Amino acid sequence: MTPEACPACTGRWPAPALRIADCGTTVAYLHDDQFFPGWTVLLLKRHATELWQVEPAERAALIEEVARVARAVAAAFDAVKVNYELLGNQIAHIHWHLIPRRADDPAPRSPVWSVAHEPRPLAADELAERIARIRATLRISHERR
Ligand SMILES: [Zn+2]
């Protein structure tokens, strides 16, 4: 996938309203499906489809951001475990799905992709509350937004 055809590079995905924070080499967004509360997507700012296309220093920064945002999301949503998913089969631009799995998880031993459910978009007030909650826990671990 070229940057010209890439939904992430052309601003078609994720929706701007879902933006949480600029994390450095990445931008964090709330996932549009909130069936699993707090599901977050961490998007690399520049176009790359594979980890080996990212230079070591940038890759190191990227993984630090993955860890930092995962910790914030875990704290914000009382996760018992975070799932880290870097797939790119549908949108071939490096983005990590960071999915808090909570004590009330409907399928705690399964990957989220295998849990059949209706996508759960949020009303504007719920969306704002979840984004604010993650921003607050991100601020504790790092000042940069
Ligand atoms: Zn892209």
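Measuring with a 1.4 Å probe in the full set of protein chains, what accessible area per residue, in whole Å², belongs to the chain?
On a per-residue basis, 54 Å².
With every protein chain left in place and a probe of 1.4 Å, what is the accessible surface of E50, to the nearest 10 Å²?
My reading of the accessible area for E50 is about 70 Å².
Which cysteines does the chain leave without a neighbouring Cys Cβ under 4.7 Å?
So, C23.
Residues in the range 28-66, backbone N under 15 Å from the label point at A136 (7 Å along the Cα-to-beta-carbon vector): list them, ranges by number please.
Inside the label zone: 38.
How many nm is it between the label spots at Y84 and R109, if each spot is 7 Å from the Cα in line with the beta carbon?
2.4
Could you please put L43, L86 in sequence from largest to smallest accessible area, using a 1.4 Å probe?
Most to least solvent-accessible, the answer reads L86, L43.
Would you please name the trypsin sites (Lys or Arg not before Pro) within the range 1-80 that are DSSP coil residues with at most 10 other C-beta atoms within 10 Å of their C-beta?
R12
Per DSSP helix of 4 or more residues, -39500 (n - 2.57); summed, then divided by the residues of the chain. What does that give at 222 nm, rounded to the nearest 500?
-9000 deg cm²/dmol
Mind checking which of R120, R133, R101 has the largest fluctuation in a GNM of the chain, springs on alpha carbons under 10 Å?
Judging by the Gaussian network model, the answer is R120.
With +1 assigned to the C-beta of every Lys and Arg and -1 to the C-beta of every Asp and Glu, and no other charges, what is the dipole magnitude of the chain about the Cα centre in debye, to the nearest 20?
Charge dipole, the chain, about its Cα centre: 300 debye, nearest 20.
As I understand it, the value is the acute angle between the Cα axis of helix 124-141 and the longest principal axis of the Cα atoms of the chain; what does it come to in degrees, rounded to 10?
With rounding to tens, the tilt is 70 degrees.
Let's test the formula: R0 of 22 Å, r as the Cβ-Cβ distance of A5 and K45. What FRET efficiency results, to the nearest 0.05?
Calculated transfer efficiency: 0.80.
Find the centroid of the Cα atoms in the range 75-145 and in the range 1-15, then give the distance between the two in whole Å.
About 21 Å separates the Cα centre of the range 75-145 from the one of the range 1-15.
At 10 °C and a viscosity of 1.306 mPa s, what translational diffusion coefficient does Stokes-Einstein give for the range 76-137, taking Rh as the Kirkwood radius over Cα pairs? Give it in µm²/s as a whole number.
For the chosen part, D equals 117 µm²/s.
Per residue, how much space in cubic angstrom lies within the convex hull of the C-alpha atoms of the chain?
It comes to 112 Å³ per residue, whole-number rounded.
Taking 30 Å as R0, compute the FRET efficiency from the Cβ-Cβ separation of W52 and R12 and round it to 0.05.
0.70
The values are calculated or read from the model by the stated rules, or taken from the named source; none is laboratory data. Quick caveat: nothing in here was measured; it's all calculated off a predicted structure. Glycine gets a Cβ as well: all are built from the backbone with ideal geometry, and neighbour counts include every protein chain shown. Quick note on the areas: whole protein, heavy atoms, side chains included, nothing else; ligands and nucleic acids left out. Shrake-Rupley method; radii C 1.70, N 1.55, O 1.52, S 1.80 Å.
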